[in-house]
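The next block holds one structure in the form of structure tokens; read it before the comments.
The values are calculated or read from the model by the stated rules, or taken from the named source; none is laboratory data. As the structure is a computational prediction, the values presented were derived from the model and not from experiment. Ideal geometry is used to build each Cβ from the backbone, glycine not excepted, and the neighbour counts take in all protein chains shown. All accessible areas refer to the heavy atoms of the entire protein, side chains included, with ligands and DNA or RNA removed. Shrake-Rupley method; radii C 1.70, N 1.55, O 1.52, S 1.80 Å.
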Amino acid sequence: MFGTGSVSYEVQSRREGRWLIEGAYTDQEAALSAARSQLAASGVEEAKVVKFRTIAGLSLETVILHKTAPQAARKGLTLGGTAEGAPLCRKPDDLRGFESRVVIGRLLRPYLDAQRITPTELLHSWPLFRRLEEQGALLGAAIHAVARHHADLHGVSHAARARELRQMVEAVVATARDALAERRRLPRFDAADLPGTSNRIEESVGEAGHDTLFLILLCQQLEGGGPLAGKLELLLAMIDDDVWPRHLDLLDAVIADIMGSADTMKDLLGAQPSLHAGLCALADALFDRDPDPALAPMAASLRQVCRLALQGRAPQSRAVLLERLRQSVVGDQPLDRRDAKAEGVLTRDLADRLKGADGALLGGAAMEKALERRLVRHRQSVLRAQGMHDIADRLSGR
């Protein structure tokens with residue numbers, strides 16, 4: 001009685017919570033096809049097709065398709081390394097120690113880098129630790145990795161050791177939680193007057209509780225530091241020629257944690273053209289040699305850390321940097337991806353750069369062994385390329 005009227009179709013998509021009109025169609029199949037294509041597009045949360053029919057001046061609106069874009073499964077965070085070297089901690093203070101933090105940094109590296117925090121901050125900040133607990137099984141996986149390592153190495157019960165570690169972790173975190181609850185009554189942290197800060201801390205908790213509360217207050221100071229490189233600058237600004245040894249030790253602990261982040265080290269080293277160039281730049285900085293003009297300039301903050309390490313004022317940072325050098329040397333990544341044939345020459349050149357004016361090799365026997373292993377791998381690759389696989393295999397037994 002009223003006729004067929006007119007029919008049209010509108011394709012809409014929702015991006016960042018807002019609905020947008022993607023197109024108008026007169027053919028239903030074309031509209032449905034366009035909507036399905038939108039569901040596969042990046043950033044689209046939902047898509048729908050609305051049918052408009054006009055009859056005798058009346059407009060009828062019907063949603064004939066409304067779908068939500070499939071969400072990609074979020075990849076859960078996993079452990080970033082092994083528990084090798086984990087000390088057999090017996091009390092909470094052991095968990096805060098250098099060797100423990102190195103292992104914590106290795107195990108939780110993906111999480112720590114994503115959150116832009118250090119192991120010291122994780123152990124001394126209740127909000128940061130609570131955020132880790134919200135990641136589900138990540139904390140438990142780290143505890144059981146350490147417990148398994150201790151069980152294999154020391155013959156202790158895996159389950160019992162896991163319970164002991166959990167209790168120590170809870171004790172460490174309880175201290176940070178209590179400090180947060182008392183935040184308004186805590187001593188004031190003055191980055192420009194560390195001695196005064198220490199005096200106020202000792203008046204509050206005594207000598208025995210000084211270091212723990214100092215680090216808790218320091219970590220609160222670092223909350224607004226942004227990336228780890230920014231926090232490093234804040235820490236270095238607290239170090240001058242008159243800094244007390246006790247303060248230098250505590251600051252060095254956090255700096256060493258930052259040096260444990262590979263991503264941060266890449267940023268601090270600058271855009272070096274190759275692994276060989278990066279290692280040479282770091283070696284030069286650790287000897288406080290003039291930077292090679294052929295290499296990309298490194299961050300002034302990293303050079304300052306290397307200078308403190310050379311002076312013996314940052315032993316923890318020095319240990320982390322030397323281990324990073326050793327791991328890079330012993331690793332499989334070629335010294336220059338653009339020229340695999342130069343591996344042997346570059347390894348020998350690197351060995352020279354790792355020696356000081358007295359001829360002593362950075363990292364001692366461990367570094368010498370790493371260099372030899374890289375040279376052996378290179379010789380094996382050359383021999384295998386020439387078809388001499390048996391000789392190459394025999395080199396492995398050297």
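Of the residues making up segment 171-203, those that are surrounded by 13 or more Cβ atoms within 10 Å (Cβ to Cβ) and more than 18 Å from Trp244 (Cβ to Cβ) are Ala171, Val172, Val173, Thr175, Ala176, Arg177, Ala179, Leu180, Leu186.
For segment 245-291, filtered to residues that are farther than 20 Å from Glu233 by Cβ and of a type in the set (Asp, Glu), the residue that is most open to solvent (accessible area, probe 1.4 Å) is Asp290.
Under the condition of being outside any helix (DSSP H, G or I) and surrounded by fewer than 24 Cβ atoms within 10 Å (Cβ to Cβ), the residues counted in segment 90-124 number 5.
Is it true that Leu346 is open to solvent by less than 10 Å² (accessible area, probe 1.4 Å) and either over 29 Å from Ala253 (Cα atoms) or assigned to a helix (DSSP H, G or I) (or both)? No: the conditions fail for Leu346. Only a single item in (1) touching a Ser or Thr at 6+ places or on another chain (Cβ under 7 Å); (2) open to solvent by 10 Å² or more (accessible area, probe 1.4 Å) is not met by Leu232, and it is number (2). Whenever a residue of segment 294-319 is closer than 16 Å to Ala277 by Cβ and in contact (Cβ under 8 Å) with a residue 12 or more places away in the chain, its partners that are of a type in the set (A, V, I, L, M, F, W, C) and open to solvent by 40 Å² or more (accessible area, probe 1.4 Å), lying with C-beta atoms within less than 7 angstrom and at least six residues away or across chains, give the pairs Ala296/Ala271.
For segment 139-160, the set of residues classified as within 17 Å of Ser100 (Cα to Cα) and either in contact with a Leu (Cβ under 9 Å, 6 or more places away or on another chain) or outside any helix (DSSP H, G or I) (or both) consists of Leu139, Ala141, Ala142, Ile143, His144, Ala145, Val146, Ala147, His150, Leu153, His154, listed by residue number.
Tallying residues that are within 19 Å of Ala162 (Cβ to Cβ) and in contact (Cβ under 8 Å) with a residue 40 or more places away in the chain within segment 97-136 yields 6. Residues that are surrounded by 16 or more Cβ atoms within 10 Å (Cβ to Cβ) and over 25 Å from Arg373 (Cβ atoms) within segment 310-336 comprise Arg313, Ala314, Gln316, Ser317, listed in sequence order.
The residues of segment 354-390 that are open to solvent by less than 70 Å² (accessible area, probe 1.4 Å), farther than 30 Å from Pro315 by Cα and in a helix (DSSP H, G or I), listed by number, are Val376, Arg377, His378, Gln380, Ser381, Val382, Leu383. Here Ser8, Ser33 are screened, and the one residue that is surrounded by 13 or more Cβ atoms within 10 Å (Cβ to Cβ) and not in a strand (DSSP E or B) is Ser33.
Taking segment 263-338 as the region of interest, the helices (runs of 4 or more DSSP H) fully inside it that hold 2 or more residues being of a type outside the set (Asp, Glu) and in contact with a Gly (Cβ under 8 Å, 6 or more places away or on another chain) are 315-330. Exactly one residue out of Asp240, Asp288, Asp252, Asp263 is within 30 Å of Glu121 (Cα to Cα) and out of contact with any helix residue (DSSP H, G or I) (no Cβ under 8 Å at 6 or more places or on another chain): that is Asp240.
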